[in-house]
Amino acid sequence: MSELRANTISDAAGTGPVTLTKQSAAKAWCHIDVSAGVPSLADSYNVSGITDLSVGRVQVSFTSSMSGSSYAAPASTANFINGSYGFASASVNLFNSNAAGSPSDPVTYVATVSGDLV
């Protein structure tokens, strides 16, 4: 059985970390806090910012764009109906609705983006 141990894996030039572009790894993720009524980014990876689109809708912008609009971005909240829509290479929109199907702000959104970076 082989074993690989390393403290740091660098790019070919030895100047920075290896960039995951084609591997099956999360390319972005975010935790958005809405408990104060206005969405704010609590923590993230490859997310440059968020935009409050309307009640129950938020746009997540990527620092490094996806290669296209065909990627997976499952999202979850503590409410009944939630998910993602509006897939673009530089952003994705998240939504949340209450049990009656009306848009409503959750306490938090969490989402992970999987696919290929540019």
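Take every Cα pair under 8 Å in the chain that's 6+ residues apart, average their separations, divide by the length, and report that relative contact order as a whole percent.
Details: 270 pairs, mean separation 33.8, N = 118.
Relative contact order for the chain comes out at 29 percent.
Give me a comma-separated list of calculated 3J(HN,Hα) values for the stretch 54-66, in order, Karplus coefficients 6.51, -1.76, 1.60 applied at θ = phi - 60°, integers in Hz, x for any Gly or Pro.
Per-residue couplings from phi come out as 5, 4, x, 9, 9, 9, 10, 9, 8, 5, 10, 5, 6 Hz.
With point charges of +1 on the Cβ of Lys and Arg and -1 on the Cβ of Asp and Glu, referenced to the Cα centre of the chain, which listed residue (108, 118, 40) lies farthest in the positive direction of the dipole?
118
Taking a ≥ b ≥ c as the square roots of the Cα gyration tensor eigenvalues, with a/c under 1.5 meaning rounded and otherwise prolate when a/b beats b/c, else oblate, which class fits the stretch 46-100?
Values: a/c = 2.52, a/b = 1.80, b/c = 1.40.
Cα axes put the stretch 46-100 in the prolate bin.
If you take Cα Rg over 2.2 N^0.38 Å from the coordinates, which of [x] 1.00; [y] 1.23; [z] 0.96 do you get?
Read-out taken from this structure: [y].
If one computes the Cα centroid of the stretch 47-118 and of the stretch 1-19, what distance in Å separates the two points?
Each part's Cα centre sits 32 Å from the other's.
Please give me the summed charge of the neighbours of residue 37: other residues whose Cβ is under 11 Å from its Cβ, Lys and Arg +1, Asp and Glu -1.
Numbers: positive: none; negative: 33, 52, 105.
Result for the neighbourhood of residue 37: -3.
For 77, 112, which order do you get if you count the other beta carbons within 10 Å of each Cβ and list the fewest first? Walk me through the numbers before you get to the answer.
Values: 77 23, 112 15.
Lowest count first: 112, 77.
Top mean-square fluctuation among 58, 92, 107, Gaussian network model of the chain, C-alpha springs under 10 Å?
107
Just so you know, all these numbers are worked out from the coordinates, no wet-lab data involved. Just so we're clear, the structure is a prediction, and the values are computed from it rather than from any experiment. We place every Cβ from the backbone using ideal geometry, glycine too, and count neighbours over all the protein chains shown.
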